[in-house]
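K.L.:
Have a look at this one.
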Amino acid sequence: MASDSTPTRTPCPQRASVSPALAPPSARIAVVMSDLAAKACVPCRGGVPPLKGEELASLQRQVDGWNVIEGHHITKTFTFPDFREALTFVSRVGELAEKQGHHPDMSLAWGKVGITTWTHKINGLTESDFILAAKIDELYKA
C-alpha cells in the first residue's frame, strides 16, 4: 500500500486568539472597538492636557459616527422608531454614565437622541470620553 504524501492538517486551537494585526481589516476594527468599550472611564483630576493631534485622531477612528467638534467635544445622534425607544435609550445611557462616573449631555426628541461628551475638568477630551462613546455604541446595538 502506497503512503499518501499529503500532510494532514489539524485545526489550530489558537485561531480565536490571532493577533489583531494579522486579522483582516474589518476584524481589526471590531477588535479595536471592543477593546475601547471594555475599558472603564477614569475620573479626571485635572492637570492633564486635552487630547490633540494624532492621539485624538486615533481615538476618533475607534468610535464610528462620533464627530470631534473643534477638538473640544464629541457628539453623535442616534435614531429610533419612536419616542418610547429613544426615552428608554436615554435611561440606559444614564445608568451607564452613573456606573462610569462620566456624564454626557443628552437631548431627547421624537425618534432621536443626541449625545455630547467631553471632560469638564480639563475643558477638552480625554480617553474616557471615547471609552464612554464606545460603551454607548454597544448599548445602541444591543
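K.L.:
From the phi angles alone, apply the Karplus equation (6.51, -1.76, 1.60; θ = phi - 60°) to segment 71-87 and give each ³J(HN,Hα) in whole Hz, x where the residue is Gly or Pro.
P.N.:
x, 10, 8, 10, 9, 7, 10, 10, 10, 9, x, 6, 5, 4, 5, 5, 5
K.L.:
At most 14 other Cβ atoms within 10 Å and a DSSP loop assignment: could you name the GluC sites (Glu not before Pro) in segment 46-89 that fit?
P.N.:
70
K.L.:
Another question, then. Based on the mean of other Cβ atoms within 10 Å per residue, sort peptides 87-96, 129-138 so the most packed one is first.
P.N.:
129-138, 87-96
K.L.:
Ok, one more. Can you give the local net charge around residue 60? Use residues other than it whose beta-carbon is closer than 14 angstrom to its beta-carbon, Lys and Arg +1, Asp and Glu -1.
P.N.:
Summing Lys and Arg as +1 and Asp and Glu as -1 gives -4.
K.L.:
Once phi is turned into ³J(HN,Hα) by the Karplus curve 6.51 cos²θ - 1.76 cosθ + 1.60 with θ = phi - 60°, what whole-Hz value does each residue of segment 111-127 show in order, with x for glycine and proline?
P.N.:
For segment 111-127, the Karplus-derived couplings read x, 7, 10, x, 10, 10, 9, 7, 9, 4, 4, 10, 6, x, 9, 10, 4 Hz, x marking Gly and Pro.
K.L.:
If you don't mind, another one. Enumerate the amide H contacts of residue 112 below 5 Å, restricted to partners 5 or more residues apart or on another chain; note that Pro and chain-start residues carry no placed amide H.
P.N.:
For residue 112, the qualifying residues are 80.
Just so you know, all these numbers are worked out from the coordinates, no wet-lab data involved. Since we're looking at a predicted model, the values are computed, not measured. Every residue, glycine among them, receives a Cβ derived from its backbone with ideal geometry; neighbour counts consider all protein chains shown.
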